[in-house]
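Each remark here refers to the structure printed beneath this line.
The values are calculated or read from the model by the stated rules, or taken from the named source; none is laboratory data. This is a predicted model, so every value here is computed, not measured. Cβ: placed from backbone, ideal geometry, glycine included. Neighbour counts: every protein chain shown. With ligands, DNA and RNA removed, areas are computed over all heavy atoms of the protein, side chains included. Shrake-Rupley method; radii C 1.70, N 1.55, O 1.52, S 1.80 Å.
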Amino acid sequence: MWIAVRERFRRFAADLVLTDEQVQDGVTKFTNIGRSLERTCYGGNFGDHPPVFMVGSWGKRTQVRPPRDLDCFFIMPASEKARFDARSGNVQSALLQEVKGSLELTYPSSRMRGDGQVVEVAFNSLTVEVLPVFAIGNGQFWMPDTNGGGAWKIVDPIAQINVVHAADTAMNGNVRLLSKMMKLWAREQNVSIKSFLIELLVAEFLPARGNGGYDFFWYDYYVRDFFIYLLSRVNGYIAIPGTGQYLPLGNDWAYKATRARDVAIEACHWEYHDYDVTAGQEWQKIFGNRIQTHIR
């Protein structure tokens with residue numbers, strides 16, 4: 001029984017990994033943006049490592065091939081916050097526009113947008129989302145939010161990265177792998193749930209499930225049971241590491257998660273009976289053609 005599960009999910013996981021060229025492309029764009037802003041904000045380049053670091057999926061190493069965007073924090077000089085705070089109006093918007101204007105000098109042919117919380121720099125291969133921040137200490141930062149007239153918000157991306165890393169280490173790498181699969185589901189099915197919420201939910205789910213550190217032979221059950229767990233959190237809240245903030249999970253995604261759960265239950269049934277092609281056809285209703293039907 002289950003003769004196709006291990007190989008099916010091994011191939012699926014491998015297909016989600018970024019190529020060396022995609023990784024290098026992202027790192028190069030990220031580094032060059034950091035150097036460009038370092039010249040503007042600090043008056044020069046002072047080494048190989050500008051004051052910029054990856055957050056989001058690149059920071060947590062949960063990127064899905066092909067990558068669509070790369071999130072990064074650029075650490076502004078501390079004195080700049082006082083300069084902006086001395087202004088009137090939406091100073092957070094003014095900060096984003098200033099950063100955007102600086103990057104436009106370096107990348108005049110790239111499409112850019114600066115609003116909400118980030119400056120988006122759209123390249124042909126991916127979009128880099130730059131968030132200028134001010135260090136508070138202990139891994140926390142003030143970030144600009146232009147909504148509602150503008151405000152500074154405290155964020156702690158290092159705490160999020162550490163939570164995912166610790167759970168992934170305890171679960172033999174399964175937290176990152178399962179997160180990638182669930183993020184592909186959200187991408188393929190246009191599910192309205194944020195990627196970082198998926199990552200945090202997977203980091204909760206696998207340690208709590210028990211037997212969360214096994215190999216690919218268990219992945220049909222991991223997928224099925226995560227959808228069951230996800231549905232148990234409808235209209236609930238999730239704690240954001242490091243800040244003490246609780247975010248509502250809502251229910252906009254519940255219908256698609258219910259459908260995915262039901263399909264996964266059916267796929268597990270066919271995997272058990274070794275109808276590997278039929279099982280694969282069910283999995284493709286969740287993940288698209290990135291997961292294979294024919295294994296033997």
Hey, Arg61 modelled with pLDDT under 95, under 26 Å from Phe134 (Cα atoms) and of a type in the set (D, E, K, R) or not
no
Given (1) open to solvent by less than 50 Å² (accessible area, probe 1.4 Å); (2) in a loop (DSSP other than H, G, I, E, B); (3) of a type in the set (D, E, K, R), Asp225 misses just (2)
Among the residues of the range 156-180, which ones are within 15 Å of the chain's Cα centre (by Cα), open to solvent by 50 Å² or more (accessible area, probe 1.4 Å) and not polar (S, T, N, Q)?
Ile158, Val163, His165
Would you check which residues across the range 2-22 are open to solvent by less than 60 Å² (accessible area, probe 1.4 Å) and free of Cβ contacts under 8 Å to residues at least 12 places away in the same chain and list them?
Ala14
I'd like the full set of residues that are more than 14 Å from Val5 (Cβ to Cβ) and either of a type in the set (Gly, Ala, Ser) or assigned to a loop (DSSP other than H, G, I, E, B) (or both), limited to the range 246-293.
Leu249, Gly250, Asn251, Asp252, Trp253, Ala254, Ala257, Ala260, Gly288
Within the range 184-212, residues being open to solvent by 20 Å² or more (accessible area, probe 1.4 Å), of a type outside the set (A, V, I, L, M) and at negative phi number 10
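Here's the yes/no breakdown for (1) small (Gly, Ala, Ser); (2) in contact (Cβ under 8 Å) with a residue 12 or more places away in the chain; (3) open to solvent by 40 Å² or more (accessible area, probe 1.4 Å); (4) out of contact with any His (no Cβ under 9 Å at 6 or more places or on another chain):
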site: Leu70; (1), (2), (3), (4): no, yes, no, yes
site: Asp85; (1), (2), (3), (4): no, no, yes, yes
site: Met112; (1), (2), (3), (4): no, yes, no, yes
site: Ala122; (1), (2), (3), (4): yes, yes, no, yes
If you check Lys153 against the conditions, is it under 22 Å from the mean Cα position of the chain (by Cα) and not hydrophobic (A, V, I, L, M, F, W, C)?
yes
Subset tally (residues that are of a type in the set (A, V, I, L, M) and within 11 Å of Pro144 (Cβ to Cβ)) for the range 59-99:
6
Go over the candidates Gly26, Gly34, Gly59 one by one and state the one that is more than 21 Å from Asp115 (Cα to Cα), in contact with a strand residue (DSSP E or B) (Cβ under 6 Å, 6 or more places away or on another chain), of a type outside the set (Lys, Arg) and touching a residue at least 40 places away in the same chain (Cβ under 8 Å).
Gly26
Evaluate the following for Phe73: is it touching a Phe, Trp or Tyr at 6+ places or on another chain (Cβ under 8 Å) and either assigned to a helix (DSSP H, G or I) or not polar (S, T, N, Q) (or both)?
yes
So Ser93 passes all but one of these: (1) out of contact with any Ser or Thr (no Cβ under 9 Å at 6 or more places or on another chain); (2) open to solvent by less than 70 Å² (accessible area, probe 1.4 Å); (3) small (Gly, Ala, Ser). Which condition number does it fail?
(1)
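Counting only residues that are open to solvent by less than 20 Å² (accessible area, probe 1.4 Å) and aliphatic (A, V, I, L, M), which one in the range 23-51 is nearest to Lys183 (Cα to Cα)?
Ranking the qualifying residues of the range 23-51, first place goes to Ile33.
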Being within 12 Å of Gly34 (Cα to Cα) and not hydrophobic (A, V, I, L, M, F, W, C) is the filter here; which residues of the range 123-139 pass it?
Glu129, Pro132
From the option list Ile238, Ile265, single residue qualifying as under 24 Å from Leu200 (Cβ atoms), β-branched (Val, Ile, Thr) and out of contact with any Ser or Thr (no Cβ under 9 Å at 6 or more places or on another chain) is Ile238
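Is the range 133-155 home to any residue that is under 28 Å from Ile3 (Cα atoms), open to solvent by less than 60 Å² (accessible area, probe 1.4 Å) and not β-branched (Val, Ile, Thr)?
no
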